[in-house]
Amino acid sequence: MSPTILETWRQVPAALRGATVALGNFDGVHRGHAAVVRAAHVARPDLPLAALTFEPHPREHFRPEDPPFRLTLLPAKAAALGALGVTIVYALPFDAALAAMPAETFVEEVLHRGIGARHVACGTDFAFGHRRGGDTAFLVQAGEQRGIGVTVVPPVADEGGPVSSTRIRRLLQDGYPERAAGELGRDWEVPGIVFQGDRLGRELGWPTANILLGRHVEPARGVYAVRAVLPDGSLVPGVANIGRRPTLGGDPVTRLEVHLFDWSGDLYGQEIRVRLHSFLRPDAKFSGLEELKAAIAADAAEARRVLGI
């Protein structure tokens with residue numbers, strides 16, 4: 001069941017107060033985030049399980065000129081948190097007022113009076129309040145004064161170091177979706193609304209569904225073996241290209257084009273979610289349409305092999 005999403009801490013209904021709350025940005029909802037959610041539940045299994053996060057991501061507020069970097073936007077983030085047992089998501093609007101709020105005020109007005117948190121859990125690097133003035137030690141002290149229990153969760157690490165959203169973004173940008181999936185605990189996916197392109201793929205015999213990356217991080221440009229979740233919930237394997245179509249003169253923005261194996265239908269205007277499974281080759285420029293067509297056929301065969309179909 002999907003969690004209830006509340007985009008305010010003011011006048012919270014009684015039924016949505018008094019939870020044990022995991023705190024964080026939760027971009028990607030990776031294995032480290034899952035440990036924080038579990039810790040919140042273990043500390044108070046008698047209470048509803050909630051997560052408090054910020055939208056937009058604070059980095060988007062402070063550095064709006066940065067290239068898109070998100071692993072998950074709110075709907076996907078809430079769904080991933082729901083899969084971990086979270087029933088309430090407090091998605092607080094991160095604006096100038098929240099950015100300027102002192103740490104003490106955040107604990108008093110948001111956590112205590114606003115959502116009525118009974119217990120909170122966070123990672124060791126969690127910081128909050130104006131200029132990140134509140135750290136975990138401050139949270140423990142301020143929580144204790146108000147009867148809010150606090151669990152500080154150490155990082156989840158592997159041979160490469162602590163699992164982090166930054167590290168997962170880098171893995172995707174470097175063309176390692178399988179390793180990113182290991183950090184996330186699932187394949188990374190890009191949701192998007194299918195738009196009508198120039199229908200060249202159909203003319204070449206390889207019709208594609210096209211979506212834009214939007215605010216998501218741009219993975220390595222090239223060809224991937226993928227699985228797509230369609231509007232009816234079915235999971236269809238395919239081959240996808242992420243890039244700007246250099247053979248066709250180049251596009252101003254990066255698009256994701258996916259050809260679905262053994263499937264036909266109309267997806268225009270509908271949302272699909274494309275899960276990256278394996279990186280097959282970098283983006284390339286071909287001499288013409290025949291060479292491009294041959295490359296797509298070879299990519300499709302390799303994708304089928306990698307996906308075991």
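The C-beta contact set for region 166-189 (first residue in contact (Cβ under 8 Å) with a residue 12 or more places away in the chain, second residue of a type in the set (F, W, Y) and surrounded by fewer than 20 Cβ atoms within 10 Å (Cβ to Cβ), distance under 9 angstrom, 6+ apart or interchain) comprises R169/F69. Take residues that are buried (at least 18 other Cβ atoms within 10 Å of the Cβ) and tell me which of the helices (runs of 4 or more DSSP H) falling wholly in region 5-98 contain 2 or more. Per the criteria, 31-43, 74-83.
Taking the conditions exactly as written (surrounded by 18 or more Cβ atoms within 10 Å (Cβ to Cβ) and either part of a strand (DSSP E or B) or aliphatic (A, V, I, L, M) (or both)), does V258 satisfy them or not? Break it down stepwise before answering.
Details: surrounded by 18 or more Cβ atoms within 10 Å (Cβ to Cβ): yes; either part of a strand (DSSP E or B) or aliphatic (A, V, I, L, M) (or both): yes.
Yes; evaluated as a whole, the condition is true for this residue.
Check whether at least one residue in region 153-176 is modelled with pLDDT of 95 or more, of a type in the set (A, V, I, L, M) and within 15 Å of L52 (Cβ to Cβ), and report yes or no. For region 153-176, residues modelled with pLDDT of 95 or more, of a type in the set (A, V, I, L, M) and within 15 Å of L52 (Cβ to Cβ): present.
Output the residues belonging to region 120-136 that are in a helix (DSSP H, G or I) and within 22 Å of A43 (Cα to Cα). Write out each step before concluding.
Just the residues of region 120-136 that are in a helix (DSSP H, G or I), to begin with: 130-132, 136.
Scanning region 120-136 gives a single hit, T136.
Would you mind finding the one in D187, D125, D158, D174 that is closer than 30 Å to S264 by Cβ and of a type outside the set (F, W, Y)?
Numbers: D125 fails: closer than 30 Å to S264 by Cβ; D158 fails: closer than 30 Å to S264 by Cβ; D174 fails: closer than 30 Å to S264 by Cβ.
Of the residues listed, the single one that is closer than 30 Å to S264 by Cβ and of a type outside the set (F, W, Y) is D187.
From the list L92, L74, L111, the one residue that fits, being at pLDDT 95 or above and within 22 Å of L213 (Cβ to Cβ), is L74.
Taking the conditions (1) more than 22 Å from the chain's Cα centre (by Cα); (2) surrounded by 18 or more Cβ atoms within 10 Å (Cβ to Cβ); (3) not in a loop (DSSP other than H, G, I, E, B) in turn, A117 satisfies each one other than (3).
Among all residues of region 54-76, there is none that is touching a Phe, Trp or Tyr at 6+ places or on another chain (Cβ under 7 Å), under 21 Å from V156 (Cα atoms) and among the hydroxyl-bearing types (S, T, Y). Within region 147-173, the set of residues being over 21 Å from V217 (Cβ atoms) and of a type in the set (G, A, S) comprises G147, G149, A157. Taking the criterion of being touching a Phe, Trp or Tyr at 6+ places or on another chain (Cβ under 6 Å) and in a helix (DSSP H, G or I), no residue of region 227-246 qualifies. Annotation note: Cβ proximity below 7 Å between a residue of region 97-110 that is closer than 16 Å to L23 by Cβ and touching a residue at least 24 places away in the same chain (Cβ under 8 Å) and a residue that is small (G, A, S) and not in a helix (DSSP H, G or I) (sequence gap 6+ or interchain) occurs for M101/G129; A103/G129; A103/G133; A103/G134; F106/G129; F106/G134.
Counting only helices (runs of 4 or more DSSP H) that sit wholly inside region 139-225, those with at least 3 residues that are crowded, with 18+ Cβ neighbours inside 10 Å are 165-173, 177-184. Residues in region 276-295 that are surrounded by fewer than 18 Cβ atoms within 10 Å (Cβ to Cβ) and not in a strand (DSSP E or B): 12 in all.
Looking across L280, L260, L292, one residue alone is among the aliphatic types (A, V, I, L, M) and over 28 Å from F69 (Cα atoms). It is L292.
The values are calculated or read from the model by the stated rules, or taken from the named source; none is laboratory data. A quick note: this is a predicted structure, and the numbers were derived from the prediction, not measured. Ideal geometry is used to build each Cβ from the backbone, glycine not excepted, and the neighbour counts take in all protein chains shown.
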